[in-house]
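Here is the structure we will look at.
The values are calculated or read from the model by the stated rules, or taken from the named source; none is laboratory data. Computed from a prediction, not measured in an experiment: that's the story for all the values here. No Cβ is skipped: glycine too gets one built from the backbone with ideal geometry, and neighbour counts run over all protein chains shown. Areas reflect the complete protein model, heavy atoms only, side chains present, ligands, DNA and RNA absent. Shrake-Rupley method; radii C 1.70, N 1.55, O 1.52, S 1.80 Å.
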Amino acid sequence: MRSDTFIISPSSGPSYNDCALRTITRRYPFLLREAGYEPRKLEPSIGAAIGSGVHKGAEHGLIIKAKTGFEIGTDDDAVEAAMSEFDLRVEEGVIWDDTSPNRDAAQKQIRQMTMMYRKRIAPKIKPVLVEERIELDYAPGFVLSGQIDTLASVGNEKPGLRDIKTGVVARANGVQYGNYWALGNSIGFPFASIIEDYLPRVPLSKPQAEPISKVYDIKACVKAAEATNNRLVRDVNTFLQTGDPNTFVANPMSMMCGDKYCPAFGTDICKLHKKD
C-alpha cells in the first residue's frame, strides 16, 4: 500500500528534468504497479556506489572538524568509513562500467578521491552543519526531504552550501541545490553561496584529477527547483486520477535511456524508448 505522503528528494530534480518518466519509475515504482504496470528492478550503478563511499569518507573528516575546528581525523579512518559505505551499497549487486570494471578498481578509486578531497577541500573550509537531514512540507501530500552535505565557510565569508559530486562526467545540479537552499532557509540557514566540489572518477590508468569547485547562481537554482517541484506535484496528482504513464514526459534522447539505467525501458510503461 502506498504512503499518503510523497517524498521529493532534491537529488531527483535534475533527473526529473532529464526524463520525468524514468525518475518517477525509479522513485515511486508503487505508483506504476497500482496502475497495472511492472517496472524492472535494477541494480545500482557503480558510479553511484562509489559516490556514496566518497561522501562517507569526506563526512568522517568534516564531522570531526565541525567539532574541533581544525582536525579531520586520520586518513585510514576516513578511507575505512568510505569502504564500509561502498560495501553496503554493492552487497546486493552492482552494474560495473568501463571506468570501474571491478571491485579492486572501485576501491582504489574511492581511496584516491577520498584522499584528494581531504588534501584539497577539507583543510580550507569551516563546516557548520554536516550531512544534516531536513524536511519541509511542500504541498498537500508532498514533503521535500534532503540531506545537505556541508554548510561551510572559507575565511571570514558567510556559510554556504558545499556539495560533493563524483562521476565520469560533471553534470548540472542547480535544481538540487535550489531545493537545498529552501531546506536550509526553513531552519534559519539560508546559504550565502552554493559551491559544488566535483571529484572526477577516472580510470586507474590515469592519475586522479584535481577537484573542480563550481559556483552556482542561488536565485536561478531556487527558481528552477520550484518550477521542477511544481511540475512533479502536478504530474503525480494527474497520474493518480488517470493512471496514464504518458502523464510523465519521457526523453528518449537522454544519455540514461537504456536497459542499464531505466526501469521503464523495454516495458509497457514507456513507448518512446530507443529500440535496439
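Things worth noting here:
- Of all residue pairs spaced 6 or more apart or on separate chains, none has beta-carbon atoms under 8 Å together with a first member in the stretch 37-61 that is free of Cβ contacts under 8 Å to residues at least 24 places away in the same chain and over 17 Å from SER11 (Cβ atoms) and a second member that is assigned to a loop (DSSP other than H, G, I, E, B) and hydroxyl-bearing (Ser, Thr, Tyr).
- Screening the stretch 241-254 for residues that are aliphatic (A, V, I, L, M) and touching a residue at least 24 places away in the same chain (Cβ under 8 Å) and picking the one that is farthest from GLY93 (Cα to Cα) gives VAL249.
- Residue count for the stretch 246-272 under the criterion of being open to solvent by less than 60 Å² (accessible area, probe 1.4 Å) and either in contact with a strand residue (DSSP E or B) (Cβ under 8 Å, 6 or more places away or on another chain) or within 16 Å of GLY36 (Cβ to Cβ) (or both): the result is 7.
- PRO123 vs. criteria open to solvent by 20 Å² or more (accessible area, probe 1.4 Å) and in a helix (DSSP H, G or I): yes
- Qualifying residue in the stretch 192-215 (condition: within 17 Å of TYR138 (Cα to Cα), touching a residue at least 12 places away in the same chain (Cβ under 8 Å), surrounded by 15 or more Cβ atoms within 10 Å (Cβ to Cβ) and among the aliphatic types (A, V, I, L, M)): no
- Flag for TYR180 being in contact with an Asp or Glu (Cβ under 7 Å, 6 or more places away or on another chain) and touching a residue at least 40 places away in the same chain (Cβ under 8 Å): no
- GLU157 satisfies every condition listed in (1) in contact (Cβ under 8 Å) with a residue 12 or more places away in the chain; (2) under 20 Å from LEU144 (Cβ atoms); (3) open to solvent by 20 Å² or more (accessible area, probe 1.4 Å) except (2).
- Any chance LEU62 is at pLDDT below 95 and touching a Pro at 6+ places or on another chain (Cβ under 7 Å): no
- Of the numbered criteria (1) at pLDDT 95 or above; (2) more than 22 Å from VAL202 (Cβ to Cβ), the one ASN156 fails is (1).
- Per the listing ASP163, ASP137, the residue uniquely within 14 Å of the chain's Cα centre (by Cα) and not in a helix (DSSP H, G or I) is ASP163.
- Residue match in the stretch 134-141 (condition: open to solvent by 10 Å² or more (accessible area, probe 1.4 Å), at positive phi, in contact (Cβ under 8 Å) with a residue 60 or more places away in the chain and not hydroxyl-bearing (Ser, Thr, Tyr)): yes
- Within the stretch 1-27, if we keep just the residues that are in a loop (DSSP other than H, G, I, E, B) and touching a residue at least 60 places away in the same chain (Cβ under 8 Å), the residue that is surrounded by the fewest Cβ atoms within 10 Å (Cβ to Cβ) turns out to be ASP4.
- Selection within the stretch 166-177 - touching a residue at least 12 places away in the same chain (Cβ under 8 Å) and either assigned to a helix (DSSP H, G or I) or of a type in the set (A, V, I, L, M) (or both): VAL168, ALA170, ALA172, GLY174, VAL175, GLN176, TYR177
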